[in-house]
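Step one of this worksheet: look at the structure below.
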Amino acid sequence: MEIVVVPEYAALSREGAARLAAVIRQAAPDAEGRVGPSDGRERAAGGHCVLGLATGGTPIGVYRELVRLHRQEGLDLSHVTTFNLDEYCGLPPDHPQSYHTYMRRHLFNHVDLDPHRARLPDGMAEDPAAECACYEAAIAQSGGMDILLLGVGTNGHIGFNEPGTRFDSRTHCVELAEKTRLANARFFPPGEAVPRRAITMGIATILAARQILLLATGAQKAEAIVRAALGPITPDCPASVLQRHPRVTLLLDQEAASQLPKRAASLPG
Ligand code: GLP
């Protein structure tokens, strides 16, 4: 597990976006239609790139920086497919607090992504189990995620996989923990309840990504980070399972890294 600590949020956002952009550029076909070297694992043909994306407060700066790279430095996203980690059940895609709306607001409306290739789970699906199976199949059909951006909850949840989630879980419906609903209430107008259920990629879905980039900022995430990086690998802290993945980076600000022993956290030179 690589641990990168940066001084503050702006640096974290730049570094996170630079890492996503590197994967996007590597997959872009050149003028002759050739694709750059992949990491050697099997991938779908055609020079496309598959990103897994997160919501929440933390990645907003990364999306802002990706938009800047697109506008000012010509970052091309036309060959990119995206899959979001999760969506609330019961919120239509145009609901202001849905993750569909979040992604349009922060990224999709501002770059050249093909809207048909920007996927989120359908929180309004009449048959949520069928929707979960369909979402899982779509990720597999795309060739799998080249890189997955993750946040982390204060209780160590990843996506909406709350403590206790099985490590072999695939995309599924979940009951949200009260702690998570409380933490996310800040995104909802006063008096409007945070939904109780959501659809989320499972832990096994997350681990199948070829590369994982987890972002965390602020002292409130410090305990989850030390448990994720150094604690026992246990469903009590879903993020601890990332220790089993061969290619994970924790990108942290100093407060989120504050409970890590000094030797565990490397400051970039
Ligand atoms: C939500 C999302 C997660 C996100 C977490 C942390 O519960 N489903 O994907 O990682 O919150 O959010 P924030 O970045 O706002 O702290």
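The values are calculated or read from the model by the stated rules, or taken from the named source; none is laboratory data. Since this is a predicted model, take the numbers as computed values, not measurements. Heads up, the Cβs are rebuilt from the backbone with ideal geometry, glycines too, and the neighbour counts pull from every protein chain shown.
Suppose we keep only residues that are within 17 Å of the chain's Cα centre (by Cα) and small (Gly, Ala, Ser) within region 170-208. Which one would you say is surrounded by the fewest Cβ atoms within 10 Å (Cβ to Cβ)? Across region 170-208, the extreme among qualifying residues is Ala204. Please verify whether region 80-92 includes one or more residues that are modelled with pLDDT under 95 and farther than 27 Å from Glu192 by Cβ. Checked against the condition, which is being modelled with pLDDT under 95 and farther than 27 Å from Glu192 by Cβ, region 80-92 yields no hits at all.
Taking region 215-269 as the range and being of a type in the set (Ser, Thr, Tyr) and either within 17 Å of the chain's Cα centre (by Cα) or modelled with pLDDT of 95 or more (or both) as the test, the residues that pass are Thr217, Thr234, Ser240, Thr249, Ser258. Got at least one residue in region 199-221 being farther than 26 Å from Leu20 by Cα and either within 13 Å of the ligand (Cβ to nearest atom) or not hydrophobic (A, V, I, L, M, F, W, C) (or both)? Within region 199-221, none of the residues are farther than 26 Å from Leu20 by Cα and either within 13 Å of the ligand (Cβ to nearest atom) or not hydrophobic (A, V, I, L, M, F, W, C) (or both).
Search region 87-111 for residues that are at positive phi and pair each with any residue that is assigned to a loop (DSSP other than H, G, I, E, B) when their beta-carbon atoms are under 9 Å apart and the residues are at least 6 apart or on different chains. Between residues of region 87-111 that are at positive phi and residues that are assigned to a loop (DSSP other than H, G, I, E, B), the close pairs are Gly90/Gly123; Gly90/Met124; Gly90/Pro195; Gly90/Arg196. Taken over region 61-101, the criterion of being of a type in the set (A, V, I, L, M), closer than 20 Å to Leu12 by Cβ and more than 14 Å from the chain's Cα centre (by Cα) is satisfied by Leu66, Val67, Leu69, Leu75.
Candidates Ala256, Ala228: the one that is assigned to a loop (DSSP other than H, G, I, E, B), within 16 Å of the ligand (Cβ to nearest atom) and within 20 Å of Ala54 (Cα to Cα) is Ala256. Is it fair to say Ala183 is closer than 16 Å to Cys89 by Cα, within 16 Å of the ligand (Cβ to nearest atom) and modelled with pLDDT under 95? For Ala183, the condition - closer than 16 Å to Cys89 by Cα, within 16 Å of the ligand (Cβ to nearest atom) and modelled with pLDDT under 95 - is not met.
When Val35, Val6 are checked against the criterion of being surrounded by 13 or more Cβ atoms within 10 Å (Cβ to Cβ) and at pLDDT 95 or above, a single residue qualifies: Val6.
Scanning region 102-123 for residues that are buried (at least 16 other Cβ atoms within 10 Å of the Cβ) and either under 15 Å from the mean Cα position of the chain (by Cα) or closer than 26 Å to Gly153 by Cα (or both) yields Tyr102, Met103, Arg104, His106, Leu107, Phe108, Ala118, Arg119, Leu120, Pro121, Asp122, Gly123.
Any residue that is within 26 Å of Tyr9 (Cβ to Cβ), aromatic (Phe, Trp, Tyr) and touching a residue at least 12 places away in the same chain (Cβ under 8 Å) - is there at least one of those in region 134-146? Checking region 134-146: not a single residue is within 26 Å of Tyr9 (Cβ to Cβ), aromatic (Phe, Trp, Tyr) and touching a residue at least 12 places away in the same chain (Cβ under 8 Å). Quick check, is Gly144 in a loop (DSSP other than H, G, I, E, B), small (Gly, Ala, Ser), more than 11 Å from the ligand (Cβ to nearest atom) and within 26 Å of Gln26 (Cα to Cα)? Taking the combined requirement at face value, the residue satisfies it.
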